[in-house]
1. If I filter the stretch 40-62 for residues that are modelled with pLDDT under 90 and in contact with a helix residue (DSSP H, G or I) (Cβ under 8 Å, 6 or more places away or on another chain), do I get at least one hit?
2. Select from the stretch 311-334 the residues that are modelled with pLDDT under 90 and either closer than 24 Å to MET263 by Cα or assigned to a helix (DSSP H, G or I) (or both) and list them in ascending order.
3. Just checking, which of ARG78, ARG73, ARG27 is more than 28 Å from ILE249 (Cα to Cα) and either within 19 Å of the chain's Cα centre (by Cα) or free of Cβ contacts under 8 Å to residues at least 40 places away in the same chain (or both)?
4. The conditions are (1) modelled with pLDDT under 90; (2) charged (D, E, K, R); (3) open to solvent by less than 70 Å² (accessible area, probe 1.4 Å), and GLU31 fails exactly one of them. Which is it?
5. Which of the residues belonging to the stretch 243-284 are open to solvent by 40 Å² or more (accessible area, probe 1.4 Å) and modelled with pLDDT under 85?
6. Can you say whether TRP123 is in contact with a helix residue (DSSP H, G or I) (Cβ under 7 Å, 6 or more places away or on another chain), modelled with pLDDT of 95 or more and at negative phi, as far as the supplied structure shows?
7. Is it the case, given these coordinates, that GLY99 is among the small types (Gly, Ala, Ser), open to solvent by less than 20 Å² (accessible area, probe 1.4 Å), closer than 23 Å to GLU261 by Cβ and at pLDDT 85 or above?
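The values are calculated or read from the model by the stated rules, or taken from the named source; none is laboratory data. Quantities reported herein were computed from a predicted structural model and do not represent experimental measurements. Positions of Cβ are generated from backbone atoms using ideal geometry, with glycine treated the same way; all protein chains shown enter the neighbour counts. Just the protein is used for accessible areas: all its heavy atoms, side chains included, with ligands, DNA and RNA removed. Shrake-Rupley method; radii C 1.70, N 1.55, O 1.52, S 1.80 Å.
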Amino acid sequence: MTRWLRVAAFVLCFGLFARTLAHANLRAAWERIRDVGPIELVIVVPFLFVMMADVWAWQRLLRALGRRVALHRLLRVRFATEAITNTIPAGAVWADALGPVLVSMSTGVAVADVFAASTAKRWVLVRMHSAYVACAAAFGSAAIMNASMNLIGSHALVAFVLLASLGLVLSSLGIEAVASRGRIAERTAKLLGRMRLSRVQAWVDARHHHFAHADAQLRRLSEDVTATRDASFRLAFLWLLEGFETFLILRLLGAPLSLIEVMSFDAALSVVRSVAFFAPAGIGVQDVGYLAVLEAYGVPGAHAIGPAFIVLKRMKEAFWVLIGFAVLATMRKRKH
């Protein structure tokens, strides 16, 4: 039953995306993109630094467990798992489970340690997401209130953003509590065992007992305040870069919005994207959100800038998906 609900949600979101494009002024959007010219290729750059911030935090948590892994090896895995996240329903769940296995297969580092560091990174990432949303609400409150009045006729969106920040904090604490006190690693091993990747299945089956040790390592990281603090600072850059990427694309397209204004709504939409995890890259939900927000913020030419923004953002994602799958295809098990 749950599987069919996920499929139905994915179909609904994809239909929403198709409907959004069908009702958009694509001719005006393409003219706007054409006017930008070749310089629009720079939009693929911020994501590279987003991934580097992510693996920089991952590397720090691994070091707390006495494991030193080269940054470029972790980066390869992150590109591969990001491709999975953005192409299959509930891809983030599969990517989080598969990432530690790929790192362990390619580096020889114990899967228990990689899994523990990856899970700790998840709860720190969500915590810093909360901080990003809270800061956006604080510094961009005037813009949010004005957009809220234009969109729904009240200031309710401000309350939504603040509640979203609180929800993320509670989610982070919940992930940490479950991870450090439950048997989450063993459950993940069972999930991986159901994947239709024979090499991964065989690898997990041979090391199933290692996942039990990961639960002990999770408790260790939960108690390591210094390591989680360092990882938090590194992941803060990730969220700032996410907001800057949106600002960069909109500025290239001619939207007269400040960085604070862009981050104020990008933070809110990032929560929507996270909630719609069953849809690859938040397809449909995120796109409708951006179109509505640009109209609410009174962006001149929003009828052309909105669709152009969606097209460029999706093209950027497609570029990195191709890179990710190319990396995944070239990954090999480390020979001992």
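1. Scanning the stretch 40-62, I find at least one residue that is modelled with pLDDT under 90 and in contact with a helix residue (DSSP H, G or I) (Cβ under 8 Å, 6 or more places away or on another chain), so the answer is yes.
2. Residues satisfying the conditions are VAL311, ARG314, LEU328, ALA329, THR330.
3. ARG73
4. (3)
5. VAL272, ARG273, SER274, VAL275, PHE277, PHE278
6. no
7. no
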